[in-house]
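Report on the following structure.
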Amino acid sequence: MTPAPQPVVILISGRGSNMRTLIERSRDPAMGYRVAAVLADQPAAPGLAAARELGVPALALRAERSVAREVYDAGLAAAIDRYAPSLIVLAGFMRILSREFVARYPGRILNIHPALLPKYPGLHTHQRVLDAHDSEHGATVHFVTEELDAGPAVIQARVRVEPGDDAQSLAARVQALEHRIYPLAVSWSCTGRLRHSQGRAWLDGEALSAPIQYAAEDH
């Protein structure tokens, strides 16, 4: 008998391309998860309408500048907890989460970052790669901890930086790989294969000394 899929909540700020892929992939029972809700900090986020079109409840919790981060995060946590998710998935969620929020969900928050962490945490990663004349670029799925983009890495995918690339062309190729690796990591977590313990990521009972390197021909 196939176990019931685990509920996840996805947080977005924009159009939610990874969100859409995660919802679509969740329709495969073997993935082991279902998207219970999509929450956004921007009422105008296009991803809200996209989620609803895919049959997923979606709502916005506007982030007012006058509201302290901790106060907003408490409201966000209350909204998340209504769905009792096994996992919280950040998919282009542009707010920095408070320590209190992260501590509330230890080992239960995943993020995807458009760089080969630990290189290039933060914003504008594609242009920074070009400015540094790097030969490769990519994306990393990692657990969220109190330190920005510094939680244990789970899986990475790489692309070559081609002559003539600009930030937009590079971003498009990286995003295509994000759509491959993020559902894998979410599935691993929701089927019990992936966990965060002792400050490390563990897959199938083994601590990862380095992130899994995604190879398209293997999946």
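Key figures
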{"read-out": "Close pairs (6 angstrom Cβ cut-off, 6 or more residues apart or separate chains): closer than 16 Å to L184 by Cα in region 105-120, in a loop (DSSP other than H, G, I, E, B) and among the acidic types (D, E) anywhere", "value": "H113/D149"}
{"read-out": "Residues of region 1-24 classified as of a type outside the set (S, T, Y), in a helix (DSSP H, G or I) and over 17 Å from I88 (Cβ atoms), total", "value": "2"}
{"read-out": "Y33 being buried (at least 18 other Cβ atoms within 10 Å of the Cβ) and over 19 Å from the mean Cα position of the chain (by Cα)", "value": "no"}
{"read-out": "Yes/no for R180 being in a strand (DSSP E or B) and touching a residue at least 24 places away in the same chain (Cβ under 8 Å)", "value": "no"}
{"read-out": "Failed item in (1) touching a strand residue (DSSP E or B) at 6+ places or on another chain (Cβ under 7 Å); (2) closer than 25 Å to C190 by Cβ; (3) assigned by TED's automatic domain parsing to the domain that holds R200, with Q175 passing the rest", "value": "(1)"}
{"read-out": "Extreme residue, farthest from the chain's Cα centre (by Cα), among residues of region 118-151 that are closer than 26 Å to A44 by Cα and part of a helix (DSSP H, G or I)", "value": "H126"}
{"read-out": "When residues of region 156-178 are limited to those that are touching a Ser or Thr at 6+ places or on another chain (Cβ under 9 Å) and of a type in the set (S, T, N, Q), the one farthest from N111 (Cα to Cα)", "value": "Q175"}
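Listed here are the residues, each with its yes/no results for (1) aliphatic (A, V, I, L, M); (2) surrounded by fewer than 20 Cβ atoms within 10 Å (Cβ to Cβ); (3) at pLDDT 95 or above.
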site	(1), (2), (3)
R160	no, yes, yes
A172	yes, yes, yes
R193	no, yes, yes
H196	no, no, yes
A207	yes, yes, yes
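The values are calculated or read from the model by the stated rules, or taken from the named source; none is laboratory data. Computed from a predicted model, the values in this text were never measured in an experiment. Neighbour counts are summed over all protein chains in view; Cβ atoms, including those assigned to glycine, are modelled from backbone coordinates with ideal geometry.
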